[in-house]
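The values are calculated or read from the model by the stated rules, or taken from the named source; none is laboratory data. This is a predicted model, so every value here is computed, not measured. Every residue, glycine among them, receives a Cβ derived from its backbone with ideal geometry; neighbour counts consider all protein chains shown. What goes into the accessible areas is simple: the full protein's heavy atoms, side chains included, and nothing from ligands, DNA or RNA. Shrake-Rupley method; radii C 1.70, N 1.55, O 1.52, S 1.80 Å.
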Amino acid sequence: MEEEGTAGAGEMSLLPEGCIANVISFTTPCDACRLSSVSRLFKSAAESDAVWERFLPPEYPTLISNSTSPSSPSSSSSFGFSSKKDLYLSLCDNPILIDDGKKSFSLDKRSGKKCYMISARDLMIVWGDTPTYWKWSSISQARFSEVAELICVCWFEIRARISTSSLSPRTLYTAYFVYKPTAGAYGFEYQPVEVSVGLVGSESQIRTVYLHAERGRRQRHQFPRRTGLFHRSRSWGWQAAMPKENDGYYPKERGDEWLEIELGDYFNEGDEEGDLEMSVLEVTGGDWKGGIIVQGIELRPKQVK
């Protein structure tokens with residue numbers, strides 16, 4: 001077996017570099033990086049523009065040229081990078097703003113699949129233009145020029161839509177609500193919110209999550225206070241059955257100082273035209289709530305553990 005393997009490697013080295021590069025281009029970015037360690041010939045082939053051009057989405061020149069990001073790649077033919085691999089890695093690590101700054105676009109580093117974040121300004125926020133309930137401002141930690149800060153509402157409803165044709169085909173996506181609490185956040189400690197993901201006009205996945213991580217977890221260890229004939233948890237609405245702590249129903253900290261909560265999954269076949277809708281709702285409890293800053297809703301390929 002050892003002799004056969006050595007002979008096979010020798011035969012592969014006789015192939016033209018362009019042929020090896022063409023084969024590698026049908027793998028994944030992660031595979032290409034692994035194959036570059038096989039030999040000098042494979043390294044040269046795996047890092048060639050012919051390979052990384054295939055890993056970039058076909059529409060990337062238009063997206064980059066029309067980007068409004070100050071730090072987006074140059075609109076010249078080389079886009080300001082010495083190689084297509086460098087351009088690919090830049091689009092993975094540095095999302096660019098598109099659609100007049102209302103969305104951001106990036107690539108998943110492992111797969112090259114397209115990722116989007118829909119900004120707060122591009123979301124459908126009930127009462128979002130009423131200063132009594134919502135305030136719009138700019139903060140340095142945000143990806144976009146504006147974020148939405150919840151002042152006080154009892155009807156909390158946020159929706160987002162994106163065309164499925166914008167997504168990578170044959171890809172399982174996960175949607176995330178990206179936000180952060182202010183120092184005076186209130187009303188979400190015990191009140192769950194309903195989130196959903198699905199095509200417009202079709203049945204959506206619906207699940208219940210908690211936007212307040214620590215207080216939501218502590219509720220599992222508290223007993224509801226009895227009021228009359230019913231059980232209520234303080235003044236925060238009807239007591240709900242709490243999910244387990246590590247089942248994805250609580251927000252997680254991101255590396256950019258924001259929190260995110262999973263809204264649900266959607267598999268994009270690539271041959272179905274329509275709009276994907278994502279929603280975050282709390283419209284039944286009747287309690288007032290406020291003090292969270294909304295950056296947007298993000299779609300990324302689901303990471304399989």
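Calculate the all-directions average of the projected area of region 15-153's alpha-carbon convex hull, and give it in nm². List each step's numbers first, then the result.
Working: hull surface 40.2 nm².
Average of the hull's projected areas for region 15-153 equals 10.0 nm².
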statement: Full extension between GLU17 and VAL38 adds, at 0.36 nm per residue less the Cα distance, a length in nm of 6.2 nm
Summed residue charge, Cβ within 13 Å of PHE55's Cβ, Lys/Arg positive, Asp/Glu negative: +1
query: Does region 142-201 come out rounded, prolate or oblate by the C-alpha gyration tensor, with a ≥ b ≥ c the root eigenvalues, rounded set by a/c under 1.5 and, if not, prolate when a/b is larger than b/c and oblate if not?
result: prolate
field: Net +/- balance of residues flanking TYR116 in space, Cβ distance below 12 Å, scoring K and R +1, D and E -1
entry: +3
field: region 151-206, accessible area per residue, ligands and nucleic acids excluded (1.4 Å, Å²)
entry: 40 Å²
task: Output the peptides 287-297, 34-44 sorted from most to least packed, where packing is the average of other Cβ atoms within 10 Å over each peptide's residues.
output: 287-297, 34-44
- request: Report the net charge of residues surrounding ILE293, where surrounding means a beta-carbon distance below 10 angstrom and charges are Lys +1, Arg +1, Asp -1, Glu -1.
  value: +1
